[in-house]
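The values are calculated or read from the model by the stated rules, or taken from the named source; none is laboratory data. Since we're looking at a predicted model, the values are computed, not measured. Don't worry about glycine lacking a Cβ; one is built from the backbone with ideal geometry, like all the others, and counts go over all protein chains shown.
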Amino acid sequence: MIKEKRWTYHRFDEDEVNAIADAIQGPPILAEVLHASGFGFKNLDQLDRFIHPKMDEIMSYQGISSPYHLNKSLDRLARAKANNEHILVNGDPDADGISGTTILTTGLRQLGFTVDYAFPIRSREGHGLQIRIIQEAKAKGVSLIITTDCGTKDVEAVAYANENGIDVIITDHHILGKKLPDAVAIINPYTTTDPAMAEFRYLSGSYVSFKWIIALKEFFKETFPKPIFETLAIASCFGIISDRVSLKYPMNRAMVSLGIKYLNSTSLVGMKALKRISLPTRTFLRARDISRTIAPRMNAPGRIGDPLLGIPDSGVVVDLLMAGLTVGPDANVEECLDRYKHVLDQDNLIKNNLNVSDQVQIVDSVNDQRKQITEKIETQIEKYIESVDLSREKVLIVKGKKWNSGVIGIDADRLRDRFVLPAIIITTLEGSDFLKGSVRSIPSINMYQIMENVQQRFQEKYGRNPYQITIDTVLGSRQVNAFGGHAQACGFSMNEADFDEWKAMIQQEMEAIPPQQYEFSYRVLKEVSFFDINLKLLNALDQIAPYGEGFDFPIFSLKGVRLSENPRPFGNRMQQDRTPHVEFKVLHTVKGKSTRTKTHVLSATGFGLWERYQNVVSSTTGYRADLIFTVDYPHKKNKKSRFPELTILDIRPASDAG
């Protein structure tokens, strides 16, 4: 069932491109990018809203939930403020949930509330509102829990909180289940049926939390100092980019544009430190820098963090993002880190007298630990790949033993990208009868719907939900929801005894999907010449940034180019036996007026393309190839360089047209 990735070139309508160019008063390349993204005569009137983000897009909040739920949430917070109640923020342990936790904690504290926060231990508990967190909250006197980027399907956990005298307000952006939790309010764009508010359904979890905080600010008639608002905006920007919600929507574009603007000019010590450790050679950051480098570092503690193992959890990132704020960690960061003695090696922290930069190093070291674990799992996945007929598979289902469930999503991502097939990676758990799984899909297949279809079939056949786990509580054993996510990425838990039946149902559902739905194409903007690739091109493209999900950075092609004969295969520093990536040079020789020639060079990197690179150069003469790629500014500081660097997406032997 595995498909060859196709290169599909965009077909331009010259009249529409000219009309777009006139409307934006910009260079032709921008009109071409916008045309390829769906703009034309039918929607020229929307270009200004798309290209020039407005603050109104950021500050509007009416569509984050139905008026009923929004008003209920505001009334509950008014009561909490009058009674000086203790609030706990429960965030999902990924970059979107971390960003949302930062937003809620910062905003609520600025509004005068007493607020703590907590995260699930992803490797042991998964996602969502956890019974453990509710029990710990009750012990601390918490009377209100507010979730971010989770909670919509946590029916049982919310019921447990209610039984323990704790109210719950959910802020989330995930699809509603058939049964809603009995929360005080559900701040989720899917609770409103107003078609005028449809764009709100494409917000990230952190952006929903941001807009809810703005609603609270207006409700209480308060203002936010610039450092507070700046933190909220940057965190929301991180969440939007990391959760890959569509930047085709002006509301998301506006928030990302503002967040990046603040990030590049910030004086907040935590934000500056995160920039420095993530991208030390970059003086100006763009959306793709966040998605490639900053977001993975934010995700790392949540993926493998576990207080019982002495590995910091997602809370260490929240403290970093809030560092320097009056409502955040104290200016003396050593005192701030004392709050996390139960998750960090106390002796090591005191010995090294950690400051903000050192705290970032903790996040980075956790990222390295995650990579080590991931590489071990990948080696075992390779054995599975060798045992199946990839030409017949419609979904890759890999089951491992006692893998770290916090990192299997990364490997599911890689498996999907490598074979252009939906991928599900599942692992057994130490001392448990339950399995944890992570699902990733290709754009044309909604795996969340497939999982829900199986859930319904399983319930009809056996009278129970397969995606549940048993939790021991002070009130006895409880069944809690263990499934959630999106069309392209979701997670679940299930009883190991149900695995074979569940797998058969999944495969039956996949068999009903027509083969053409699996076809994958790179959407190439156009073919360019070697000297079209320069800093002028990048500077022009920046005029309609940000790029990201739904408004992708343009893909170009070069045909018949010559490659250097000394490529450098590499992996990350944890990969001792495998080198999946490759760096090489793209060469162009120009004859001068005399007999002398000059060779111009473009640097290129192909992630996961070392094997393909070898196959291409072995089947062609003169190291000639066709390439498709995106362009980026030189990673190293070199003001003399006139050429961007290429990120190669695919490579083929040179065509006859080259």
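Numbers for the structure displayed
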item: Condition met for I87 (modelled with pLDDT of 95 or more and of a type in the set (A, V, I, L, M)); result: yes
item: D532 modelled with pLDDT of 90 or more, under 27 Å from I24 (Cβ atoms) and over 24 Å from the mean Cα position of the chain (by Cα); result: yes
item: Members of segment 184-205 found to be in a helix (DSSP H, G or I) and out of contact with any Pro (no Cβ under 6 Å at 6 or more places or on another chain), listed by number; result: P189, Y190, T191, P195, A196, M197, A198, E199, Y202, G205
item: Whichever residue in segment 88-125 is of a type in the set (F, W, Y) and either in contact with an Asp or Glu (Cβ under 6 Å, 6 or more places away or on another chain) or part of a strand (DSSP E or B) (or both) and, among such residues, is surrounded by the fewest Cβ atoms within 10 Å (Cβ to Cβ); result: Y117
item: Enumeration of residues in segment 389-410 that are in a helix (DSSP H, G or I) and either among the aliphatic types (A, V, I, L, M) or under 20 Å from Q507 (Cβ atoms) (or both); result: I408, I410
item: So G128, is it surrounded by 24 or more Cβ atoms within 10 Å (Cβ to Cβ) and under 27 Å from G491 (Cα atoms); result: yes
item: Qualifying residue in segment 70-88 (condition: outside the structural domain of V420 (by TED's automatic domain parsing) and in contact with a Pro (Cβ under 8 Å, 6 or more places away or on another chain)); result: no
item: Within segment 397-424, considering residues that are closer than 17 Å to E519 by Cβ and in contact with a Phe, Trp or Tyr (Cβ under 8 Å, 6 or more places away or on another chain), the one modelled with the lowest pLDDT; result: V420
item: Qualifying residue in segment 168-179 (condition: buried (at least 16 other Cβ atoms within 10 Å of the Cβ), among the charged types (D, E, K, R) and assigned to a helix (DSSP H, G or I)); result: no
item: Enumeration of residues in segment 206-264 that are part of a loop (DSSP other than H, G, I, E, B) and not aromatic (F, W, Y); result: K221, E222, T223, P225, D243, R244, V245, S246, L247, K248
item: Pairs with Cβ under 6 Å, 6+ apart, first in segment 167-186 and touching a residue at least 24 places away in the same chain (Cβ under 8 Å), second crowded, with 22+ Cβ neighbours inside 10 Å and acidic (D, E); result: P181/D154
item: Count - residues of segment 440-469 that are touching a strand residue (DSSP E or B) at 6+ places or on another chain (Cβ under 8 Å) and within 26 Å of R612 (Cα to Cα); result: 2
item: Pick from segment 490-513, criterion buried (at least 19 other Cβ atoms within 10 Å of the Cβ) and closer than 19 Å to E125 by Cα, ranking: modelled with the highest pLDDT; result: M494
item: Residue within segment 174-183 that is modelled with pLDDT of 95 or more and either more than 25 Å from D313 (Cβ to Cβ) or under 22 Å from the mean Cα position of the chain (by Cα) (or both) present; result: yes
item: Positions within segment 6-63 being more than 24 Å from S521 (Cα to Cα) and touching a strand residue (DSSP E or B) at 6+ places or on another chain (Cβ under 9 Å), in sequence order; result: F50
item: Residue list for segment 460-469, filter: surrounded by 13 or more Cβ atoms within 10 Å (Cβ to Cβ) and outside any strand (DSSP E or B); result: N465, P466, Y467
item: Residue match in segment 65-85 (condition: of a type in the set (S, T, Y) and touching a Leu at 6+ places or on another chain (Cβ under 9 Å)); result: yes
item: Scan of segment 539-566 for residues that are in a helix (DSSP H, G or I), loosely packed, with under 15 Cβ neighbours inside 10 Å and touching a residue at least 12 places away in the same chain (Cβ under 8 Å), ordered by number; result: D542, Q543
item: Check on S37, in the same structural domain as L144 (by TED's automatic domain parsing) and not β-branched (V, I, T); result: no
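Condition check ((1) modelled with pLDDT under 70; (2) outside any helix (DSSP H, G or I); (3) surrounded by fewer than 20 Cβ atoms within 10 Å (Cβ to Cβ)) across all residues:
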| position | (1), (2), (3) |
| --- | --- |
| R303 | yes, no, no |
| D313 | no, yes, no |
| D319 | no, no, no |
| G328 | no, yes, no |
| A331 | yes, yes, yes |
| D347 | yes, no, yes |
